[in-house]
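Working notes, structure below.
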């Protein structure tokens, strides 16, 4: 029997009817106008030659397809206008966004641009969520930079603003701050300027992520685009992509064919000893292992993870409640768990709730931004919600009297309450809102064949006992009969 990894490779590679070994016809050998901008280390001019991470990847793709098209370094506006309007035009490195997605054809991803929180490696500092980052002494930022604005918008008050990157980095190395916010592309250049090594620092949390692609004009032959994507996938399988990526961004997790992302949501998913863990994380990791997919699981904020899965193909988001609102936004593998969403009050409040109509009448209910519980209450017409990016804030708001109710799931609330500095004895459940299953969500543009293989492999885990073993390692007393039947 063929190795399952070979089956997956076949599924990915047959998406295009053309491969790099197919003889190109007259249309396909037409010259391409290839543009990029000055954006080190992705693309830049060095000793009169265009080089960089993305440039090397594009040149290798062209080499394997027998092309010798010239790459032109231009201003971004010029390149973007050309790829929107002219046939046989290519622009890299281009971030796929919801606004751009349908205006272009895409090959990738070839890079991941992330805004990260960095710590000195020997500090041993670990950050699992935004709430933990808010508790550190100081975070070095650069005045008016986008990264600083992101933290301000998230309600950070422990920022130490500097005039430039070098000053901010100096504060981190001098232990004046515990963290530094920067991007994974800027960081290697900053370290080089001060004579430091890339492994002197480590990324401890990802705030936001853009996946970077090679963009083609809509008027370019789809066969060319499919051929480039096939070649890129081959490079990712044979190690060439890893070699190029490691040369330019050695400390970063490279974007594979499949991107796996999760959030801090213990015991389902969470960071442990600097590595994503949790019972659904372990299930996803086991599926990836059986399918011979590299373990590139990345833990980030739910907002960032959710938006990535909405925009990009081949993104695995876990775990996610399969609600009516989300049903057609993703493809689904599971179920991998079940829980109840419950409205909790402060112990001794005397508050009684018999139905949602009564819950709508309380002054305020704390919710977590973009979680399914918040989405559900909004869909039911609730207008008394106070949204926060971190679930621990919901506990604190409840205990401080800022809200009368907070909504959580029964599976995750014990850890959230503990992280907030309280115990379950401080709260009491007053009304069960929903009882639902949660799933592994795959982005809508992922092929049905890939979704089928993931679902089939999950079924194998349930049949051979692996699913139950993983689950009971975290929740030993849970009833799994209905989950094992699905």
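Overview of results
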| quantity | calculated |
| --- | --- |
| Residue in the range 186-207 that is in a helix (DSSP H, G or I) and over 26 Å from the mean Cα position of the chain (by Cα) present | yes |
| Residue within the range 68-88 that is part of a loop (DSSP other than H, G, I, E, B), more than 16 Å from residue 36 (Cβ to Cβ), at pLDDT below 95 and in the same structural domain as residue 237 (by TED's automatic domain parsing) present | yes |
| Count of the range 81-95 residues which are surrounded by fewer than 20 Cβ atoms within 10 Å (Cβ to Cβ) and either in contact (Cβ under 8 Å) with a residue 40 or more places away in the chain or in contact with a helix residue (DSSP H, G or I) (Cβ under 7 Å, 6 or more places away or on another chain) (or both) | 7 |
| Conditions (1) touching a residue at least 12 places away in the same chain (Cβ under 8 Å); (2) within 18 Å of the chain's Cα centre (by Cα); (3) not in a strand (DSSP E or B); number of the one not met by residue 267 | (2) |
| Residue list for the range 208-256, filter: in contact with a strand residue (DSSP E or B) (Cβ under 7 Å, 6 or more places away or on another chain), modelled with pLDDT under 95 and either part of a strand (DSSP E or B) or surrounded by fewer than 17 Cβ atoms within 10 Å (Cβ to Cβ) (or both) | 208, 209, 210 |
| Test result for residue 52, at pLDDT 95 or above and either crowded, with 20+ Cβ neighbours inside 10 Å or farther than 29 Å from residue 189 by Cβ (or both) | yes |
| Residue among 430, 395, 403 that alone is at pLDDT 95 or above, buried (at least 22 other Cβ atoms within 10 Å of the Cβ) and more than 26 Å from the chain's Cα centre (by Cα) | 403 |
| Selection within the range 350-396 - touching a strand residue (DSSP E or B) at 6+ places or on another chain (Cβ under 8 Å) and in a loop (DSSP other than H, G, I, E, B) | 351, 352, 353, 354, 355, 362, 364, 369, 382, 384, 389, 390 |
| Selected residue [farther than 23 Å from residue 187 by Cβ, in contact with a strand residue (DSSP E or B) (Cβ under 6 Å, 6 or more places away or on another chain) and either crowded, with 20+ Cβ neighbours inside 10 Å or modelled with pLDDT of 95 or more (or both)] from 281, 300 | 281 |
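The values are calculated or read from the model by the stated rules, or taken from the named source; none is laboratory data. On a predicted model such as this, the values are computed, not experimentally measured, just so you know. Here the Cβ is made from the backbone with ideal geometry for all residues, glycine too, and neighbour counts use every protein chain on show.
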